[in-house]
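Only one structure is covered here, and it is reproduced in the block below.
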Amino acid sequence: MRPYSSHRLFAIVFSLALHAGVWLLAIGYQFKYVSPAETPKTAEKIVYLELIPPPSQPLPDPAPTTTPPTTPITAPPPDTALAAPAPAPPPSPDSPRASQAAPPPPTAEEWAFAANYTNKNSKGYRYSWGQQVRSMMGSAVEGPDQGLVRFRIEIAPDGSLAQLQTLWTTSPVAEQLARQAIQNMPPLPPTPTGKPLIFDKTISFSPFASEGPPLYRDDCLPEPPVFRNPFAWDGLSPQLVAAPTPTAPLDPQALADCLRQLPKDSVEAESASDQRLMDQWGSSKTGR
């Protein structure tokens, strides 16, 4: 073997041994378990407790016990075994009840306006007629006699009653009082158009509701189209989809006559209109 070959072999063996040693040291350092340092122990302190009994005292003599006499339990008679509890007493008749005085009848000026107002099927005449009836019915008191009654009325051209029909009612007393007031009404002015006036009217005889004056500012606007179900069908006639009929606006002359009759709305009319909206739509839509 040549001399330089042995040196080369020695260098390779020495390099392998050196790498092996470094690898062994790295493994021993990485995976060596290091135990935590022991915490210094504190000296334990032992405390001894001694229980001393209380001084002895003589016990009092027990009181004599008596057994109460036993009463035999007997079943109730068959008639009263399932008897209902006594009913609650009725409310005191002396408790105050809500009431509302009758409104004043229409004045001569209000009747004069109603006798000449032709818009909206004589709107002012219809309101004054209902106010006159309600004022003659007297005060409304909370209780079973309060309620509503709706009539269909026909007024002759001279202002006299031509026909009276009850459509529905929630109180026979309210209907009787309203009919009595209608029969005893004073002479009324002629109808504004000089023709029979036919309308439906609801009279409220209640301490919690009152009809205020109407608003007249929108009476010259065209009537909104009446909604009719376009898909309604009787099953016999040809099935057709009905289109809504548009409302024609007033001609200039009729519009001018209508605007000439419009009065100035009062604060009471505005308040009554707001109250009707509140009663119609309720708190969920108006914030009340």
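The values are calculated or read from the model by the stated rules, or taken from the named source; none is laboratory data. What you see is a predicted model; the values in this text were computed from it and never measured. Virtual Cβ from ideal backbone geometry, glycine too; neighbours counted across all protein chains shown.
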Selection count where residues are surrounded by 12 or more Cβ atoms within 10 Å (Cβ to Cβ) and either in a loop (DSSP other than H, G, I, E, B) or out of contact with any strand residue (DSSP E or B) (no Cβ under 7 Å at 6 or more places or on another chain) (or both), scope segment 182-194:
7
Give me the pairs, please: first residue somewhere in segment 97-108 and closer than 21 Å to residue 185 by Cα, second residue anywhere and among the small types (Gly, Ala, Ser) and in a loop (DSSP other than H, G, I, E, B), beta-carbon distance under 6 Å, and either six or more positions apart or on two chains.
101/139; 102/138; 102/139
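Name the residue, out of 209, 256, 242, that is part of a helix (DSSP H, G or I), among the hydrophobic types (A, V, I, L, M, F, W, C) and either surrounded by 10 or more Cβ atoms within 10 Å (Cβ to Cβ) or in contact with a Lys or Arg (Cβ under 6 Å, 6 or more places away or on another chain) (or both). So that I can check it myself, show each step before the final result.
Numbers: 209 fails: part of a helix (DSSP H, G or I); 242 fails: part of a helix (DSSP H, G or I).
Step by step, each of 209, 256, 242 is checked, and only 256 is part of a helix (DSSP H, G or I), among the hydrophobic types (A, V, I, L, M, F, W, C) and either surrounded by 10 or more Cβ atoms within 10 Å (Cβ to Cβ) or in contact with a Lys or Arg (Cβ under 6 Å, 6 or more places away or on another chain) (or both).
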How many residues of segment 221-262 are under 36 Å from the mean Cα position of the chain (by Cα) and within 30 Å of residue 115 (Cα to Cα)? The answer is 7
Identify the residue in segment 118-156 that is small (Gly, Ala, Ser) and touching a Lys or Arg at 6+ places or on another chain (Cβ under 7 Å) and, among all such residues, is modelled with the highest pLDDT.
130
Does residue 218 qualify as being charged (D, E, K, R) and farther than 30 Å from residue 142 by Cβ?
yes
Checked against (1) of a type outside the set (Lys, Arg); (2) surrounded by 13 or more Cβ atoms within 10 Å (Cβ to Cβ); (3) assigned to a helix (DSSP H, G or I), residue 121 satisfies every condition except (2)
Look through segment 259-279, keep the residues that are in a helix (DSSP H, G or I), touching a helix residue (DSSP H, G or I) at 6+ places or on another chain (Cβ under 9 Å) and over 19 Å from residue 192 (Cα atoms), and return whichever of them is modelled with the highest pLDDT.
278
Against the definition (part of a loop (DSSP other than H, G, I, E, B) and at pLDDT below 75), how does residue 217 come out, yes or no?
no
Among the candidates 271, 206, which residue alone is hydroxyl-bearing (Ser, Thr, Tyr), touching a residue at least 24 places away in the same chain (Cβ under 8 Å) and closer than 30 Å to residue 180 by Cβ?
206
Number of positions in segment 205-238 that are in contact with a Leu (Cβ under 8 Å, 6 or more places away or on another chain) and either charged (D, E, K, R) or farther than 17 Å from residue 267 by Cβ (or both)
6
Criterion violated by residue 228 - all others in (1) closer than 27 Å to residue 162 by Cα; (2) at pLDDT below 90 satisfied
(1)
For residue 229, the lone unmet condition from (1) assigned to a loop (DSSP other than H, G, I, E, B); (2) in contact (Cβ under 8 Å) with a residue 60 or more places away in the chain is (2)
Counting only residues in segment 165-181 that are touching a residue at least 40 places away in the same chain (Cβ under 8 Å) and among the small types (Gly, Ala, Ser), the one surrounded by the most Cβ atoms within 10 Å (Cβ to Cβ) is identified as 178
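For residues that are among the polar types (S, T, N, Q), part of a helix (DSSP H, G or I) and exposed (fewer than 10 other Cβ atoms within 10 Å of the Cβ), scanning just segment 1-60, find the one that is modelled with the lowest pLDDT.
30
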